[in-house]
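Notes for the one structure printed next.
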Amino acid sequence: MILLQTPWSADSIDDASAAIEQALRTRVADGPSLALLPHGDGSEHEARAESDVLSALAELAKTHTVYLGASAYVLTGGEDVPRTVGFVLGPDGSLLARNAKVLPDTLEGYTDTAAETFQSASLQIARTPLGQIGVLCGEDILAPHIVRTMLVQGAEIILNPSRERSDSLYDSRTVARVARAYENVLYVAVASPQSVRLGDAEVTLPPATALYPPQGKPLRVQGAESYVITNVDIEALRRRRLAPVLNFASIVRMNLYAPGYEKEASAPKPSPQSRKDWLTAGRERVVAKARPPRSDDIATYSAMIGQHVVHQSHTPEQLVERRQPNLDDAFDLVRNYGARAANLKLVVYPEFFLTGPVSPLGHKLGHLADKIGVTFPGPEMDQVAAFAQEIGAYVSGGVFEYDPEWPDRFFNTAFIYDPSGNLIHRYRKIHCGDAMGFLPDTTPGSVFDQYVDKYGYEHLFPVADTLIGRLATTICFDNNFPETYRAMAQRGAEIILHPTSEPHGAHRMGWDAARRTRAFENVAYVISAGHGGEYFLPGRNSPSSRGRGYSKIINFDGSIQAEADTAGQVPLGGVIDLRALRQARADLKANTALWDDAVVYADEYGKTPRGLPNNLWPDDPMGNPYFGGAEIKKVAAAYVEAGVFVAPQADAGDLPKAAE
């Protein structure tokens, strides 16, 4: 794949042609090549007819016998208002895929263009010998639901012709592309020009051209090169998509979100068509989405993560007896350091900080549900409530929960107590390692119909309106699924607490990119509290390095405010500034979520197959239907049959059959 930084237009394409020719000279392998051009040169006021742009691109593709991707401002089918359109062409010059831009040109400060912001997505994929290729223009790659929609159309490679600029959010946009590749198990290829001609000005742009693989470091240009040559191993990608571990593309429960999206979607309508109208519409959306501040808001305060080392339970007896020592350690960690923090109002502990993970006990644990899980109220959680009163702060963390209304089941639950000791928030984890068979806890999607009948749909995404802001929680594995965070933010969440217990490994880069992106794409603080280690092996007196900490307080722009760069017991402090967050949400350049409308993707989320189905475990709580990743494998097989995934060549005749 050749990713170009060379500026081009329908009238000035010779430099791009020469760059492609030189890049092709370095090839030694046979077979087709793909060249991606950046977004076309000039402003929207210089837009050419789409047919003229396609004619120039087709000639370029035929000249070099390459597959070609690009985007440009064009005038389409008699329209007198330009729009941005992305194209994929074949080596014979034929048009294989065409996708108009969904989001407005926020990075350009808005432009006199129309977009597909309020239309149901109709995304096209080019099915080529190089892979299944889609194109998303500019900021569209930052919209998680648009990328997910393209994934289930079959995309293995998403081309992202762009025009990047250096600003305070440049790094976060770069990290978001890492997250998109990781959480969708696909390649993201970005081409951004070295410079752009706007009227009489020639503006130099940052080197943003890069290939983002599904795992590992991006390959980026180093400066003002004309192009960068990259390798894409599409067969390795296809093999990985059939494996159950960390296969987020198959695990995501798209149907779980569909009822909410159906309700939230606006009626299809045209977008604004001028910069003035975009800005007016944006300000109206800011007002409509804003929640008035409380008169008693505490706008600025300290928050603390209690990153502590947990004693793992290996027997049913230890599940109960080790809770108190773990609880005492957690309290002492904050007591010893919290008094030094000025105006401490929020404390966050890791996931299952009372017991550690229970996976060593087996994969069928319904008979131990009442020992694994704590109750609300209950002896341990009553102590947490008293501790919140003692320190005068909101206290959160993650625990296994036993609810007598769900016999022989236990949930992975996050909680928040207020400074008066009241339980004000309880969230049950939606995406968990249970999907891979690692933990036999119950997630709401596994018993979806029963759960929604009992509590209502909104119970899935609780948000607590407090003196220190609107608080929500997610847990560990949820980090890799942007839908849950966006659901919380759509319901007003400003600070999203993330108790987690992540084992250290090759996925660390993607996991951390996703964590930062959850903050950036929702304009929300994310406070991610991890374990500093675990006394994991029986009889050992030193903690393992299985949990490496890396707790983080992430600002609402995706930047890292504070990070525990070591394992062990760490009290990590930071500052929350609600006024700054609310100002950022009113910033029409910073808040891309402002233009998120479920009308774009609601239909796609409601289709089948779309990730793990709901209601896979309505009966037999003593069992475990997910063991060995069985249900993920079924989804992958169904995706192959539906054309969402492509079978790797070596394994094409050896696939499991999709479920009837």
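Where a number appears in this text, it was derived from the coordinates with a stated rule and is not lab data. What you are looking at is a predicted structure, and each value in this text was computed from that prediction instead of being measured. Ideal geometry is used to build each Cβ from the backbone, glycine not excepted, and the neighbour counts take in all protein chains shown.
Observations
- The residue among His45, Phe87, Gly77 whose Cα reaches farthest toward the positive pole of the charge dipole of segment 18-137, with charges on the beta-carbon of Lys, Arg, Asp and Glu, is Phe87.
- Shape of segment 299-585, Cα gyration tensor, a/c cut at 1.5: rounded
- Segment 43-183: C-alpha gyration tensor shape, a/c 1.5 cut-off, then a/b vs b/c: oblate
- Segment 216-279 and segment 1-54 have Cα centres spaced 23 Å apart.
- When semi-axes √(5λ) of the Cα gyration tensor in Å is computed from the coordinates, the matching label among (1) 63, 42, 25; (2) 44, 28, 22; (3) 51, 33, 22 is (2).
- Relative contact order %, segment 357-442, counting alpha carbon pairs below 8 Å whose residues are six or more apart: 30
- Positive minus negative residues near Thr63 (Lys, Arg vs Asp, Glu; Cβ under 15 Å): -3
- The helix-only estimate of mean residue ellipticity at 222 nm for the chain, built from DSSP H runs of length n ≥ 4 each weighted as -39500 (n - 2.57), is -8500 deg cm²/dmol after division by the residue total.
- Translational diffusion coefficient (Stokes-Einstein; Kirkwood radius from C-alpha pairs) of segment 2-236 at 25 °C, 0.890 mPa s, in µm²/s: 141
- Local electrostatic count at Gly216 - Lys and Arg +1, Asp and Glu -1, tallied over other residues with Cβ under 15 Å: +3
- The modelled label-to-label distance for the pair Lys62/Ala299, using points 7 Å beyond Cα in the direction of Cβ, is 6.3 nm.
- A protection proxy built from the mean count of other Cβ atoms within 10 Å ranks the segments 593-605, 562-574, most packed first, as 593-605, 562-574.
- A simple packing score, the average count of other Cβ atoms within 10 Å per residue, orders the peptides 88-95, 615-622 as 88-95, 615-622, with the highest score first.
- Low-density loop cleavage sites - GluC sites (Glu not before Pro) in segment 1-110, where at most 14 other Cβ are within 10 Å (DSSP): Glu79
- Cross-link pairs beyond the 22 Å C-alpha cut-off, checked among Lys607/Lys634; Lys217/Lys429; Lys429/Lys454: Lys217/Lys429
- Options Leu151, Pro161, Val135, ranked by Cα towards positive dipole end of segment 129-231, top entry (Cβ charges): Leu151
- Packing rank of 236-242, 284-290, where each peptide gets the mean count of other beta carbons within 10 Å, highest leading: 236-242, 284-290
- Local electrostatic count, Asp92, Cβ distance below 13 Å [Lys/Arg +1, Asp/Glu -1]: 0
- Relative contact order, percent, the chain [alpha-carbon distance under 8 Å, six or more residues apart]: 15
- Dipole-positive endmost among Thr117, Pro419, Phe353 within the chain (Cβ charges, Cα centre): Phe353
- Dipole size of the chain about its Cα centre, with +1 on Lys/Arg Cβ and -1 on Asp/Glu Cβ: approximately 680 debye, rounded to the nearest 20.
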